[in-house]
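Take a look at the structure below.
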Amino acid sequence: MTDVPDLAAPALPRLTQAQAPLTHAVEVVNERGEREQVHIPAERPLTVYVDKRELVTLMTLGALPELLVLGYLRNQRLVQSVHDIESITVDWEVNAAAVKTRSGIERIEERTAARVITTGCGQGSVFGGLMDEVDRIALPAAQLTQAQLYGIVNAIRLKESTYKSAGSVHGCALFRGEELLTFVEDVGRHNAIDTIAGWMWMQAGDMAGGDKVFYTTGRLTSEMVIKSAQMGVPIVVSRSGMTQMGHAVAQQLGLCTIGRATNRRFVCYSGADRLLLQTELAAANP
């Protein structure tokens, strides 16, 4: 009897690797009246076309634009699988991203008709209702030790970044424990988390979020909490604080949210059962 070969796994999307300068030099006048040159983050529009239909224009730093577009489509719930996308082509000469799907996006006009204006910078709106799918999200069991949390904060502190050289950007990262898997900066924290979502999808088709921790320099709003949950990541750490709606959604989902995380200080807003405290570390010298 002849064995039947396994069918080939669906191919991942073909992505260009469009490059663009991340900073721009400008002349400024300082407090002493002296002229000097400083670098500021680049900001450029990227108009996304899906099967030749204009979808949205994102304002972005442009570091990883193909992954940004892929993650945007994922977090907007417009595509269900990375394999729905055949290719993403970015051309900075015309500031456009062309997405080619394998079989189109069902009811795209209806699904993109309603927009919710958000608190996010660099994006500004999301399609449909933010709460539509929250009740269907079930987060996996996961825990983080206080020592691992301090490791995450320290890894971000040591990371060379556009923020250190030019300021005015948000940073997001994905960790496994205190192991840094990927780090992304953009003019808005939503762009950064969408880029990470795209990166996760491109790792052999998907990367389970159950043992991962998401870090952001931005505040934890409802849409940031929901995006993390959609990615299957049950623990979120922020250098900033949290909004009331973000807190309510996190509690509903059982998602652990940790804010004001700098040096050895932090507050756990929700999901404290996922955080394994080691309080003696708080008094130790960093």
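The values are calculated or read from the model by the stated rules, or taken from the named source; none is laboratory data. Owing to the predicted nature of the structure, the values given are computational and were not obtained by experimental measurement. Reconstructed Cβ throughout: ideal geometry from the backbone, glycine too, with neighbour counts over all protein chains shown.
Residues that are without any contact (Cβ under 8 Å) to a residue 60 or more places away in the chain and closer than 21 Å to Asp211 by Cα were ranked within the stretch 240-266; the one that is surrounded by the most Cβ atoms within 10 Å (Cβ to Cβ) is Thr257. Taken over the stretch 81-98, residues that are more than 13 Å from Met202 (Cα to Cα), part of a strand (DSSP E or B) and of a type outside the set (Val, Ile, Thr) amount to 4. Considering (1) modelled with pLDDT of 65 or more; (2) surrounded by fewer than 16 Cβ atoms within 10 Å (Cβ to Cβ), the lone condition that Gly167 does not fulfil carries the number (1). A residue that is assigned to a strand (DSSP E or B), modelled with pLDDT of 90 or more, within 23 Å of the chain's Cα centre (by Cα) and not assigned by TED's automatic domain parsing to the domain that holds Ser228 occurs somewhere in the stretch 60-80.
For (1) assigned to a helix (DSSP H, G or I); (2) assigned by TED's automatic domain parsing to the domain that holds Gly198; (3) aromatic (Phe, Trp, Tyr); (4) more than 22 Å from the chain's Cα centre (by Cα), each residue gets a yes or a no:
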position: Ala229; (1), (2), (3), (4): yes, yes, no, no
position: Gly232; (1), (2), (3), (4): no, yes, no, no
position: Val237; (1), (2), (3), (4): no, yes, no, no
position: Gly246; (1), (2), (3), (4): yes, yes, no, no
position: Ala250; (1), (2), (3), (4): yes, yes, no, no
position: Ala261; (1), (2), (3), (4): no, yes, no, no
position: Phe266; (1), (2), (3), (4): no, yes, yes, no
position: Tyr269; (1), (2), (3), (4): no, yes, yes, no
position: Asp273; (1), (2), (3), (4): yes, yes, no, yes
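For Ile258, the conditions (1) under 15 Å from Leu149 (Cα atoms); (2) in contact with a Leu (Cβ under 6 Å, 6 or more places away or on another chain) are fulfilled apart from (2).
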